[in-house]
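Each remark here refers to the structure printed beneath this line.
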Amino acid sequence: MTIAVENLMGRSLVPGELFGRLANRIVREHDLPRESAERIMDQTLAFLRACGESSRVPLGPSALVDIGWHTFILYTREYASFCDRVAGRFIHHVPNDEGDGVTDQEKMIARTVEAIRALGFAVDDDLWLTSAVKCSDGDDGCRASGKDGNENTETNGK
């Protein structure tokens, strides 16, 4: 007998009305089809949930998922409430101005996808392609904050 396990969807983490507003903003601001905007937002929410569970190793979005993160942050009240609910803390968006190189970014993306899957969320592999590891603002990557809110790994714990 085979037991099928249904994966969770990131969109289930927010009310449908908020999910719709976020997807609509992505459609308007990035000239993307509605289906793409919804996929991006779904993966963004699953990513942020994984960030809430991960305080020791940095996780980071792909360029497409970062579009969803940038969009959600604009809704500051809803974003702060979401972070408190899924992480017990604010999840800071941390651009990596120095860049760690593509190899490190690929490793971070792989860790991130693994963390999302470990929580039971569906992963939309096309949105996590390693050929699109740069954050949407063009820098060489970004990550979520650590447990203490200190996102910079070189100063964690200091």
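Derivation of every value follows stated rules applied to the coordinates shown; laboratory data play no part. No experiment lies behind these values; they were computed from the predicted model shown. Here the Cβ positions follow ideal geometry from the backbone for every residue, glycine too, while neighbour counts run over all protein chains shown.
Per-residue counts of other Cβ atoms within 10 Å, averaged by peptide: what ranking do you get for 27-37, 105-115, 6-16, highest first?
105-115, 6-16, 27-37
Counting other beta carbons within 10 Å of each residue's own, what order do 44, 76 fall into, fewest first?
Starting with the residue having the fewest Cβ neighbours, the order is 76, 44.
In what sequence, highest mean first, do 80-86, 58-64 appear when ranked by Cβ atoms within 10 angstrom?
Result, highest mean first: 58-64, 80-86.
Just rank 39, 77, fewest to most, by other beta-carbon atoms within 10 angstrom.
77, 39
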